[in-house]
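Engineer: Before we start, here is the structure in question, set down as C-alpha cells.
The values are calculated or read from the model by the stated rules, or taken from the named source; none is laboratory data. All values derive from a computational prediction rather than experimental measurement. Every residue, glycine among them, receives a Cβ derived from its backbone with ideal geometry; neighbour counts consider all protein chains shown. SASA here: full protein model, heavy atoms, side chains in, ligands and nucleic acids out. Shrake-Rupley method; radii C 1.70, N 1.55, O 1.52, S 1.80 Å.
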Amino acid sequence: MLVEKSLVSARVSRIAVGKSKRKMNMKKLIGLGLAAALGLSAWGEVLDTSVFTRACTFTLSGYQGASTLVDFPVLVRLDRTIPGFDPACCGANGAGLRFADEAGNLLAHEVDTWDVSGESCVWVRVPSLSGTNTKIRLYCGAADGAQLPAVSSRDVWSKYIMVAHGGANGV
C-alpha cells in the first residue's frame with residue numbers, strides 16, 4: 001500500500017552552470033533490460049510505483065525566471081520534517097530512493113549527501129522547470145527484493161562539461 005502525503009515546497013537553492021554538449025540518449029535506442037545489464041540508467045522511462053510503500057510530492061517553488069529551464073538539475077533537501085519522508089525507508093545511502101515527474105517518468109538523480117538523522121541533499125534532473133509550481137514525486141520504501149530501475153548521476157549532469165559541488169567549507 002502506497003502512503004501518500006501532502007505537498008511540500010522545495011526551493012531551487014543552487015543553480016548549475018555550464019556549457020551544453022550533445023549526447024546520444026541510449027535509453028531511446030535499447031530496451032530497459034539491456035540498458036541495466038550495460039550499467040546504463042533508465043531515466044525517462046515510466047516508473048513502476050507499485051513496488052514503493054511511500055511517496056510525497058514536491059512543488060519546486062524557488063524558480064521565478066521568465067523562461068522555461070529544460071533538463072535542469074535542482075537540489076532537493078530532505079529531512080524527517082517532510083511529511084511522508086523517512087530516510088530509513090530509502091536504503092543504504094539513499095539507494096532505494098526514486099523520483100518521477102508528474103507524468104510518472106523516472107528522473108535521473110544524484111545523492112550528494114545522505115544523513116539519516118539530519119539533512120540529505122539530492123540533485124534531481126527536472127525535464128521542465130517553469131514558474132513556481134513545477135511538481136516532482138519522491139518514492140521510497142520499495143519491497144525487499146524489488147528490482148528498481150537503474151539511475152546514474154552521469155544523467156543528471158550530461159548537459160554540462162564540468163560540475164563542481166561546494167561543501168560546507170566551500171571546497
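Engineer: For the stretch 130-138, indicate whether the set of residues that are touching a Phe, Trp or Tyr at 6+ places or on another chain (Cβ under 9 Å), polar (S, T, N, Q) and not in a loop (DSSP other than H, G, I, E, B) is non-empty.
Structural biologist: Keep residues of the stretch 130-138 that are touching a Phe, Trp or Tyr at 6+ places or on another chain (Cβ under 9 Å), which gives 130-132, 134-138.
Checking the rest, the ones that are also polar (S, T, N, Q) come to 130, 132, 134.
When the remaining residues are screened for being not in a loop (DSSP other than H, G, I, E, B), the result is 134.
Among the residues of the stretch 130-138, at least one is touching a Phe, Trp or Tyr at 6+ places or on another chain (Cβ under 9 Å), polar (S, T, N, Q) and not in a loop (DSSP other than H, G, I, E, B), which makes the answer yes.
Engineer: Condition test on Gly39, is it assigned to a loop (DSSP other than H, G, I, E, B), at pLDDT below 90, open to solvent by 10 Å² or more (accessible area, probe 1.4 Å) and touching a Ser or Thr at 6+ places or on another chain (Cβ under 9 Å)? I'd like the intermediate steps shown before the answer.
Structural biologist: On the way: assigned to a loop (DSSP other than H, G, I, E, B): yes; at pLDDT below 90: yes; open to solvent by 10 Å² or more (accessible area, probe 1.4 Å): yes; touching a Ser or Thr at 6+ places or on another chain (Cβ under 9 Å): yes.
Here the answer is yes, as Gly39 does meet what is asked.
Engineer: Can you tell me which residues in the stretch 80-110 are in contact with a strand residue (DSSP E or B) (Cβ under 7 Å, 6 or more places away or on another chain), farther than 22 Å from Ala164 by Cβ and not in a strand (DSSP E or B)?
Structural biologist: Ile82, Pro83, Gly84, Phe85, Asp86, Pro87, Cys89, Cys90, Gly96, Leu97, Glu102, Gly104
Engineer: Just checking, how many residues over the stretch 45-64 are exposed (fewer than 13 other Cβ atoms within 10 Å of the Cβ) and out of contact with any Leu (no Cβ under 9 Å at 6 or more places or on another chain)?
Structural biologist: Qualifying residue count, the stretch 45-64: 1.
Engineer: Still on this model: Only one residue in Arg98, Arg125, Arg77 is modelled with pLDDT of 90 or more and within 21 Å of Val51 (Cβ to Cβ). Which one?
Structural biologist: Just one listed residue meets the conditions, Arg98.
Engineer: Give the stretch 96-120 a look and list any residue that's within 20 Å of Val46 (Cα to Cα) and either among the polar types (S, T, N, Q) or loosely packed, with under 13 Cβ neighbours inside 10 Å (or both), or say none.
Structural biologist: Of everything in the stretch 96-120, those that are within 20 Å of Val46 (Cα to Cα) and either among the polar types (S, T, N, Q) or loosely packed, with under 13 Cβ neighbours inside 10 Å (or both) turn out to be Glu102, Ala103, Gly104, Asn105.
Engineer: Which of the residues belonging to the stretch 128-137 are crowded, with 18+ Cβ neighbours inside 10 Å and either touching a Gly at 6+ places or on another chain (Cβ under 8 Å) or of a type outside the set (A, V, I, L, M) (or both)?
Structural biologist: If the condition is that a residue be crowded, with 18+ Cβ neighbours inside 10 Å and either touching a Gly at 6+ places or on another chain (Cβ under 8 Å) or of a type outside the set (A, V, I, L, M) (or both), then Thr134, Arg137 are the ones that fit.
Engineer: Turning to a different aspect of this structure: If I ask for residues that are among the acidic types (Asp, Glu) and within 21 Å of Ser152 (Cβ to Cβ), which ones from the stretch 77-120 would you list?
Structural biologist: Hits for the stretch 77-120 are Asp101, Glu110, Asp112.
Engineer: Also, I was wondering about something else. Based on this model, can you work out whether Val156 counts as touching a His at 6+ places or on another chain (Cβ under 8 Å) and under 18 Å from Asp48 (Cα atoms)? Steps first, please.
Structural biologist: Numbers: touching a His at 6+ places or on another chain (Cβ under 8 Å): yes; under 18 Å from Asp48 (Cα atoms): no.
No, not satisfied.
Engineer: Taking the stretch 64-76, which residues are of a type outside the set (A, V, I, L, M) and in contact with a Ser or Thr (Cβ under 7 Å, 6 or more places away or on another chain)?
Structural biologist: Hits for the stretch 64-76 are Gln64, Thr68.
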